[in-house]
Amino acid sequence: MTSDSSKDVRTSELLVPPGEKAGRLDKYLATHPECGLSRTRIQRLITERQILVDGKLAAHNHFLKGGETIRITIPPSPELDFSGEDIPIQIVFEDQ
């Protein structure tokens, strides 16, 4: 698997070994730790048209035959801002 990292988008390529009957695309990618994505995230990327197999958009029911090149484009995660709040709390019991 190769990766090109930039600030905004991460793109990875994975070559399915020739002759390997890999099964469904989402299951195959989820079982490869170098991919680093959950099956749910992979399915979402397929829906968002971010996964290509041999340069063509992948379908949810795509079965790999072996020898294909899978290209995954992972858009940046939205930045989340977590901050604490001052919430008044009445303490009912406190040990000394």
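The values are calculated or read from the model by the stated rules, or taken from the named source; none is laboratory data. In this text the structure is predicted, and so the values were computed from the model without any measurement. Cβ atoms come from the backbone with ideal geometry, glycine included; neighbour counts cover every protein chain shown. Only protein heavy atoms, including side chains, enter the accessible area calculation; ligands, DNA and RNA are left aside. Shrake-Rupley method; radii C 1.70, N 1.55, O 1.52, S 1.80 Å.
In the stretch 8-53, what is the volume of the convex hull around the alpha carbon atoms, normalised per residue and reported in Å³? Write out the running numbers ahead of the final one.
Working: hull volume 3.9 nm³, N = 46.
Cα-based convex hull of the stretch 8-53, divided per residue, equals 84 Å³.
For the stretch 22-31, just list the computed ³J(HN,Hα) in residue order, Karplus coefficients 6.51, -1.76 and 1.60, θ = phi - 60°, integers in Hz, with x standing in for Gly and Pro.
8, x, 5, 4, 5, 5, 4, 5, 5, 8
If you roll a 1.4 Å probe over the chain with all protein chains in place, what percent of the accessible area is carbon or sulfur? Walk me through the numbers on the way to the answer.
On the way: 3740 of 7370 Å².
Whole-percent figure for carbon plus sulfur exposure: 51.
Under 15 Å from a point placed 7 Å out from the Cα of Thr69 along the Cα-to-Cβ direction: which residues of the stretch 10-43 have their backbone N that close?
Those under the cut-off are 11-18.
Using label points projected 7 Å from each Cα along Cα→Cβ, tell me how many nm separate Arg41 and Ile91, to one decimal.
Each label point lies 7 Å from its Cα, and together they span 4.1 nm.
Taking the C-alpha atoms of the chain, how large are the radius of gyration and the largest Cα-Cα span, Dmax, in Å?
So, for the chain, Rg and Dmax equal 20.5, 69 Å respectively.
Loop-only trypsin sites (Lys or Arg not before Pro) in the stretch 42-96, please: DSSP not H, G, I, E or B, and at most 16 other Cβ atoms within 10 Å. Don't skip to the end; give the middle numbers.
Numbers: sites: Arg44, Arg49, Lys56, Lys65, Arg71; in loops: Arg49, Lys65.
Passing both the DSSP loop test and the Cβ count: Arg49, Lys65.
Rolling a 1.4 angstrom probe over the protein heavy atoms, how many square angstrom per residue are accessible across the chain? Walk me through the intermediate numbers first.
Details: 7370 Å² over 96 residues.
Accessible surface, normalised per residue, equals 77 Å².
Run the quick spin-label model on Glu13 and Asp54: label points 7 Å from Cα toward the beta carbon, then report their separation in nm to one decimal.
Going by the 7 Å Cα→Cβ label model, 1.6 nm.
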